[in-house]
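Report on one structure; see the data block that follows.
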Amino acid sequence: MSELSSLQIRMIESQDPTLSKDAIILEQPNHKGLTLKWWLLVALNIIFVLAGQSVATLLGRFYYEQGGNSKWMATLVQTVAFPILYVPLFFFHFSNDSSGNPPPISKPSFIMLVAIYFVLGLLLAGQNFLYSIGLLYLPVSTYSLICASQLAFNAVFSYFLNSQKFTILIFNSTITLTLSASLLAVGESSGSTEVSGAKYALGFACTVGASAGYALLLSLMQLTFQKVLKRETFAVVLDMQIYTSIVASCACLVGLFASGEWSSLNQEMDGFKKGRLTYLMTLIWTAIGWQMCSVGAVGLIFLVSSLFSNVISTFALPVVPVFAVIFFHDKMGGVKVIALLMAIWGFTSYLYQNYLDDKRKSAAAAVAATEQRQQ
């Protein structure tokens, strides 16, 4: 995919300074004439995100249902399978070396990169730990619906950190999703997970906090791409994900040993209702599921945009409660149905705003290309 010239980018930026260079390049006229291979790759990565996130969430709930109780182990499996990402990273670096692409003009210092990966990795570990607590104390359907609040948090953080325009549709999405999460908070703790009111409240608070942390992490990563790395290639995104996962996995290992949960893992394995082999396979496939989701998300960032990747990740959330009702017999009472409809409405508002933005960027790119040809 060829990039726009610097003149075209400056002309489009002058018409709308809120557009990033990455977004402008993606919306060039050639973007409309994409090949069948490109569309197949996008569809494949969407399937990775939907399938990986659904499988990992359901297996995480299955781990608790069958006798697992280590919150740090449930957190560790969300990042520990990062070595899988070295396969596409090696392939991409090999392709770049073969194509003879010139290296970037300047790169951030090693110390700066280490500091960025360390901070983002700790944030990743923290929000994953909060997700684990939420999944422990909440039914899968309630947990997934509360996670939809990440779009509301994403709108707020994007406004302050990434200069995102706060339109009426995004405002509507923020309010609707917040009310949807609040409705679940005051509703009964129905479902296959029977816990006390205090633990249900703790699970709700941790899941909301994890959603906020995830939204903040995405905004900080986008800010890093724009202000520090100043490039958004597949290799750079994979590097970001691998090194932050290394930090997060190390932090989880420290938590696993410091909390003393490590000493009870063998006993937990023996007490697993489906047996030791199922225990190990549950953890392995949960880790693979999360990395499958991560690879799909990275692929969508590379092929389309980081915003589109986040939208697809959020779109996967309503899929999980459907499977939770089938496999875990969660109850979908009136409160949850209303909350689900509100979440879908909020998501639709957010998606429609993206559609309007894409039309505006495409029109601006077409005008810039026409003016350049006339010069």
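The values are calculated or read from the model by the stated rules, or taken from the named source; none is laboratory data. The model shown is predicted, which means the values in this text are computed figures rather than measured ones. Virtual Cβ from ideal backbone geometry, glycine too; neighbours counted across all protein chains shown.
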Matching residues in segment 243-291 - criterion: being polar (S, T, N, Q) and either outside any helix (DSSP H, G or I) or within 19 Å of Gln78 (Cβ to Cβ) (or both): Thr244, Ser245, Ser249, Ser259, Thr282, Thr286, Gln291
Per-region count, segment 229-273, residues surrounded by 15 or more Cβ atoms within 10 Å (Cβ to Cβ), over 15 Å from Gly126 (Cα atoms) and among the hydrophobic types (A, V, I, L, M, F, W, C): 12
Filtered residue count, segment 177-205, keeping only those that are within 22 Å of Asn154 (Cα to Cα), buried (at least 20 other Cβ atoms within 10 Å of the Cβ) and either of a type in the set (Gly, Ala, Ser) or at pLDDT below 80 (or both): 5
Within segment 321-350, considering residues that are over 13 Å from Leu177 (Cα atoms) and either aliphatic (A, V, I, L, M) or at pLDDT 75 or above (or both), the one surrounded by the most Cβ atoms within 10 Å (Cβ to Cβ): Ala324
Residue that is hydrophobic (A, V, I, L, M, F, W, C), within 22 Å of the chain's Cα centre (by Cα) and modelled with pLDDT under 75, where the choices are Ala23, Ala74, Ala56: Ala23
Hey, Ile146 of a type outside the set (Lys, Arg) and either modelled with pLDDT of 90 or more or not in a helix (DSSP H, G or I) (or both) or not: no
All positions within segment 300-311 that are surrounded by 21 or more Cβ atoms within 10 Å (Cβ to Cβ) and either modelled with pLDDT of 75 or more or aliphatic (A, V, I, L, M) (or both): Leu300, Ile301, Leu307
Residue pairs meeting the criteria (Cβ under 6 Å; at least 6 apart or on separate chains; first polar (S, T, N, Q), in segment 355-368; second at pLDDT below 75): Ser362/Glu27
